[in-house]
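**Student:** Structure provided below as C-alpha cells; questions to follow.
Just so it is clear, none of the values below were taken in a lab; they were calculated from the coordinates. All values reported here derive from a predicted model rather than from experimental measurement. Positions of Cβ are generated from backbone atoms using ideal geometry, with glycine treated the same way; all protein chains shown enter the neighbour counts.
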C-alpha cells in the first residue's frame with residue numbers, strides 16, 4: 001500500500017516537473033499533427049515517386065516530376081502567381097487603411113461596419129461562388145453586365161477570358177478575406193501608444209505624415225504576418241477557382257496549382273502525379289515565404 | 001549554430017502554416033465532407049436479410065434500386081436483401097469510390113459510375129466484377145454498343161442505365177413559321193439549308209453548339225470516327241474529325257445558322273432560359289435530355305419533336321449512344337455473387353428495362369422492350385413530346401454507332417473542352433486542324 005502511494009507520488013512528481021509539463025501540454029497537438037499532417041505529408045513525398053493504380057503500386061523514380069514540365073502546369077503556375085500578386089496588392093493596403101478609418105474617432109457605426117466587413121469570411125465559399133457566378137453570368141441581363149452597361153460598355157463573357165478570370169478570383173478572395181485582415185490590422189493599431197500621435201500633433205504633423213511615419217512602421221510586424229499568410233493562402237488557392245469553373249476551365253485560364261493537383265490526382269486517378277504537384281507547391285511556398293521573411297528581416301529579431 | 005536552429009524553427013513554422021490552413025481556408029473543405037445527401041434503406045425488417053450498400057449520385061437512381069429491392073424480396077424471400085442506398089454529390093461519390101477501392105476500405109457492394117469517370121476504374125488490375133454470366137446470354141437483345149462502353153478485354157463490368165441515343169430536338173413552332181418540313185432533312189447539308197430558311201424567316205438561330213463534347217463527339221462517332229480507334233490508338237486529329245469540326249465551326253461563322261450555347265453547355269441556367277424562350281430552333285442532344293426539357297423548359301411542352309440525326313453521307317449512323325452511367329459490383333464487396341444477381345435483376349432484365357422507362361424516363365438499352373405495351377402507355381414524356389419516340393428508335397436500331405472508351409478518354413474529353421472547343425468554337429482563333437493536332441499532342445504526352 002505504502003509503496004504504491006510512493007510510486008504515485010513519484011509519477012505525479014515526474015509529470016509535474018518543469019521539464020516534463022510543457023511536453024505534456026503540447027502532446028495532444030504533436031500527436032494529432034503527426035498522425036493527420038506529418039504522416040500524410042511524408043507519405044505524399046513518397047507517393048510522388050510512385051505510380052499508383054488499384055493493386056499496382058510501383059516506384060517510377062522522377063517520372064512524375066519530369067511530367068510536370070508541361071504547358072498546363074506552367075499556365076497553372078502563372079495563374080497562381082498572378083492571383084497571389086493581385087490579392088497581395090489588394091488585401092494588404094486596403095485593409096490597413098480601412099482599419100485606420102475604423103479605429104479613428106470620426107467614423108460612426110464602427111461595430112456595424114466591422115461586422116459587415118467580417119461577415120463574408122464566415123460564408124461558405126461555395127455559396128458565395130454561386131452568387132458571384134450569377135452576378136457575372138454571361139447574358140446581358142446579369143448584374144455585372146448591367147452595371148458596366150451604365151458606362152456604355154458592351155456585355156462581357158466574364159468566365160471565358162484570361163484577364164476576367166483572374167479578376168473574378170481576386171474579387172471573390174478580396175471580398176472574403178478583407179474583414180479578417182482588417183481585424184489583424186485593428187489589433188495591431190491597438191498597440192500603438194497614443195503619445196506618439198499626440199507628440200506628432202505638437203510637432204505639427206498632418207494626417208498623412210502620421211500615417212506614414214507612425215502607423216505604418218508600428219504595423220510592420222502585423223504587416224509581415226498578414227503578408228506571409230496571404231502569400232501562403234495565395235499559392236494554395238483552390239476554392240476561388242473551383243466555384244466558378246470546377247476543376248478545369250476553358251483554355252486553362254483559371255487553373256491553379258492546387259486545382260491542377262485535384263484534377264490530376266483525384267479526378268483523373270493519378271495520385272502519384274498529384275502528389276508531385278503537391279510537393280512542388282510545398283517547396284514553392286517554403287521558398288517564397290523564406291525569401292520574404294529574410295528580406296523583411298524577420299530572422300534578425302529571432303536571433304537577437 | 002543558434003542561427004541555424006532558428007532558421008530551422010521558422011522553416012517548420014512555415015510548413016505548419018502551409019499545412020494547417022494558412023488563411024483559415026475552411027470553405028474549400030466543405031465540398032469534401034462525407035455528407036450523405038440522402039439515405040434510403042429497405043428490407044431492414046426482414047430477418048436474415050443480407051445487407052448490401054449501394055452508392056449513387058442521383059436520388060432517382062436510389063429510388064429505382066429501392067423499388068427493385070422490394071420486388072426482389074417479395075420474389076426471393078429466402079435470399080432477401082437489405083438495401084442501403086446512399087446518394088452523394090457527383091464528384092464526391094466518384095472520389096470516395098476511387099479512394100475506397102484503392103485502399104480497400106469501406107467499399108460498397110454496388111455503385112453507379114458515370115461514363116466520364118468510368119475509365120478511371122478500368123486502370124491497373126480491374127477491381128470490378130465482370131457481369132458476363134448475365135449479359136452474354138442476352139447479348140442479342142441489347143444495343144451492344146452501349147455495353148461495349150463499359151467493357152475491357154471482353155469483360156462487361158457495367159450495367160447500363162439507358163441507351164442515350166443522340167437525336168435532334170426541333171421546336172415545331174419555329175419550324176412551322178419558317179415553313180421547314182423536318183422529315184425532309186436527311187443530311188447535314190439539308191439541315192444547314194433549313195437553318196438558313198429559319199434564320200431568314202424568324203431571326204432565330206437554327207441550333208446551338210456547346211463548347212464541350214456534346215458539340216463534337218456525336219458527330220464524329222456518327223461518321224465511324226472517334227477519339228480513339230478500336231485498338232486504343234489516338235485518332236482525334238484524323239481527317240474525318242478535322243472535316244467535322246470545320247463543319248461545326250462553319251455553321252456558326254460561315255453559314256451563321258448557329259450560336260455558341262449560352263453558358264457554354266446544355267446544363268447552365270443561361271441555356272435553359274434561352275431555350276425555353278424559343279432562343280434556338282433545334283438542338284442535338286441524347287434522349288436523356290428529355291428530362292431537362294420537362295424539368296427546366298416548361299414553356300416548350302407540346303412544341304418539341306424528336307428525329308434521328310441527319311447524316312453527312314449515306315452509310316453514316318443515324319444515332320450514337322452518349323453519356324450514361326454504368327452500375328458496377330466492386331470485387332471487394334462482401335457478397336459479390338448476390339450483389340451481381342441483384343444488379344442483374346434491377347437493371348438488366350426485361351422488366352428492369354421497362355422500369356428504366358416507366359420510372360426514370362430513360363430509353364432502355366434493351367431494344368426487345370421498345371415495342372412492349374408498357375412503353376406505349378401515356379406518360380410525362382409522351383405528353384411533352386409525342387408518343388412516337390420508340391417508333392423512331394426502332395426505325396434506326398441497326399444504324400447506331402458506339403463510342404470507344406479507353407483509360408485516356410477523360411484526358412481527351414478534358415483537352416477537347418479546355419482547349420479545342422474553346423479555341424475553335426468560342427474564340428474562333430484557331431483552325432480545326434491546328435487545334436486538333438495540338439490537342440492530340442497534349443493527349444499523347446499523357447499516354448507515354
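**Student:** Need one number: nm distance between label points at residue B:45 and residue A:62, each 7 Å from Cα along Cα→Cβ, rounded to one decimal.
**Tutor:** 6.7
**Student:** Here's a follow-up. Can you give the helix-only mean residue ellipticity at 222 nm for chain B, where every DSSP H stretch with n ≥ 4 adds -39500 (n - 2.57) and the sum goes over all residues, rounded to the nearest 500 deg cm²/dmol?
**Tutor:** Numbers: 18 runs with 174 residues, N = 448.
The helix contribution divided over chain B gives -11500 deg cm²/dmol.
**Student:** Looking at the protein assembly as shown, send over the antiparallel percent of its DSSP beta bridges, to the nearest 5.
**Tutor:** For the protein assembly as shown, the DSSP antiparallel bridge percentage is about 70.
**Student:** Taking the convex hull of the alpha carbon atoms in the stretch B:129-204, what volume per residue do you get, in Å³?
**Tutor:** Hull volume over Cα atoms, normalised by residue count, gives 138 Å³.
**Student:** Fewest to most neighbouring Cβ within 10 Å: what's the order for B:266, B:156? Intermediate values should be presented prior to the final figure.
**Tutor:** On the way: B:266 20, B:156 24.
So the residues, fewest neighbours to most, are B:266, B:156.
**Student:** Evaluate peptide A:253-263: per residue, the Cβ atoms of other protein chains within 10 Å of its Cβ; return the mean as an integer.
**Tutor:** 1
**Student:** Right, here's the next one. PRE reach from residue B:314 (point 7 Å along Cα→Cβ): which of the stretch B:379-405 fall under 15 Å by backbone N?
**Tutor:** none
**Student:** Where in the stretch B:128-148 does the label zone of residue B:368 land, with the point 7 angstrom along Cα→C-beta and an amide N cut-off under 19 Å?
**Tutor:** Inside the label zone: B:131-148.
**Student:** Just for the Cα atoms in chain A, what are the lengths along the principal axes, largest first, rounded to whole Å?
**Tutor:** 89, 70, 38
**Student:** Determine the shape class of chain B: with a ≥ b ≥ c the square roots of the Cα gyration tensor eigenvalues, call it rounded for a/c under 1.5, and otherwise prolate if a/b is greater than b/c, oblate otherwise. Walk me through the numbers before you get to the answer.
**Tutor:** Details: a/c = 1.75, a/b = 1.16, b/c = 1.51.
It is oblate, given that a/c is not under 1.5 and a/b is not larger than b/c.
**Student:** Measuring from label point to label point, each 7 Å out along Cα→Cβ, what is the residue B:255 to residue B:230 span in nm?
**Tutor:** 3.2
**Student:** Over all alpha-carbon pairs of the stretch B:197-270, lay out the pair-distance distribution in 10 Å bins, whole %, shortest bin first.
**Tutor:** Reading upward from the zero bin: 19, 42, 29, 9, 1.
**Student:** By counting other Cβ atoms within 10 Å of each Cβ, how are B:94, B:61, B:267 ranked from fewest to most?
**Tutor:** Least crowded to most crowded, the residues run B:267, B:61, B:94.
**Student:** So what are the stretch B:102-162's ellipsoid semi-axes, whole angstrom, largest first, if each one is the square root of 5 times an eigenvalue of the alpha-carbon gyration tensor?
**Tutor:** 21, 12, 11
**Student:** Follow-up. Quick one: length gained pulling residue A:105 to residue A:205 fully straight, 0.36 nm per residue minus the C-alpha distance?
**Tutor:** Length gained between residue A:105 and residue A:205: 34.2 nm.
**Student:** Just how far, in whole angstrom, is the stretch B:326-361 from the stretch B:274-311 if you go by their alpha carbon centroids?
**Tutor:** Their Cα centres are 30 Å away from one another.
**Student:** Same structure, new question: Points 7 angstrom from Cα along the Cβ direction at residue A:70 and residue B:144: gap in nanometres?
**Tutor:** In this crude label model, residue A:70 to residue B:144 measures out at 3.5 nm.
**Student:** Efficiency by 1/(1 + (r/R0)^6): what FRET value for residue B:103 and residue A:29, r their Cβ-Cβ distance, R0 = 22 Å, to the nearest 0.05?
**Tutor:** Plugging the Cβ-Cβ distance into 1/(1 + (r/R0)^6) gives 0.25.
**Student:** If you take the beta carbon distance between residue A:295 and residue A:192 as r and set R0 to 25 Å, what does 1/(1 + (r/R0)^6) give as a FRET efficiency, to the nearest 0.05? Before the final figure, lay out the partial values.
**Tutor:** Values: r = 24 Å, r/R0 = 0.95.
In this case the efficiency is close to 0.55.
**Student:** For peptide B:195-202, how many partner chain Cβ atoms fall within 10 Å of a residue's Cβ, on average? It would help to have the intermediate numbers written out before the result.
**Tutor:** On the way: counts 0, 0, 0, 0, 0, 0, 0, 0.
Neighbouring Cβ atoms belonging to other protein chains average 0 per residue here.
**Student:** OK, next. Can you put A:109, B:382, A:151, A:238 in order of Cβ neighbours within 10 angstrom, beginning with the fewest?
**Tutor:** Lowest to highest Cβ neighbour count: A:151, A:109, B:382, A:238.
**Student:** Report the far tail of the P(r) of the protein assembly as shown, meaning the percent of Cα-Cα pairs longer than 34 Å.
**Tutor:** Percent of Cα pairs beyond 34 Å in the protein assembly as shown: 57.
**Student:** Which percent, to the nearest 5, of DSSP beta bridges fully inside chain B are antiparallel?
**Tutor:** Taking every DSSP beta bridge with both residues in chain B, the antiparallel ones total about 65 percent.
**Student:** If you count, for every residue in A:267-279, the Cβ atoms of partner chains within 10 Å of its Cβ, what is the mean?
**Tutor:** Mean shielding by partner chains, rounded to a whole number: 3.
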